[in-house]
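Notes follow once the structure below has been shown.
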Amino acid sequence: MPDSSMPTGASDDAIYGEHRHIFALRWGDMDILQHVNNTVYFRAMEEARIHIFAPMQNLFAAGTGIVLARAECDFLKPMTWPANIEVVHQPVRLGRSSLDCSVLMRREGEPDTVYARARSVVVLSHLKTGTSCAWPAPVRAALEKQFAAISSSTGVTA
């Protein structure tokens, strides 16, 4: 499978649903062409990931944490300010220690237009050693619950 492809289809490790986060753009987020700077899309994904994991931070063992293992983004259409970015994480696979998500970024209020399509993989790690560790059962359950709570209202997929 090429690096840029995003796996699709059901598997034993699949979880369904999505997590939505609204990222407020600022005038200073634009580049010289008055488009939202490419780095801002990565900050929007980062902030959305924080909102995914923050409610369950008390479920992690001491000395463990989430590490971003991979992030890639295809910029499909330039976005301009004023606007807010709707960041939609859709889980592709929940592994032993990883969570692989496809990510859609749309302008808030334009649910049928995808401005950027991305992929991110996070890994639960022992922070001191840098080695991966399995998701504790309560964290797996919280992730499954969080993503199952909201389903796509537009049918736009990655």
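Where a number appears in this text, it was derived from the coordinates with a stated rule and is not lab data. Remember, it's a predicted structure, so these values are computed and weren't measured experimentally. Note: ideal-geometry Cβ built from the backbone for every residue, glycine included; neighbour counts use all protein chains shown.
Over the range 52-146, the fraction of Cα-Cα pairs per 5 Å bin, rounded to whole percents and listed from the shortest bin up, is 3, 13, 20, 20, 15, 12, 9, 6, 2. Tell me, in nm to one decimal, what length is gained between D74 and K128 on full extension, where the rule is 0.36 nm per residue of separation less the Cα-Cα distance? Here the answer is 16.1 nm. Dipole magnitude for the range 43-127: about 240 debye, using +1 per Lys or Arg Cβ and -1 per Asp or Glu Cβ, origin at the Cα centre.
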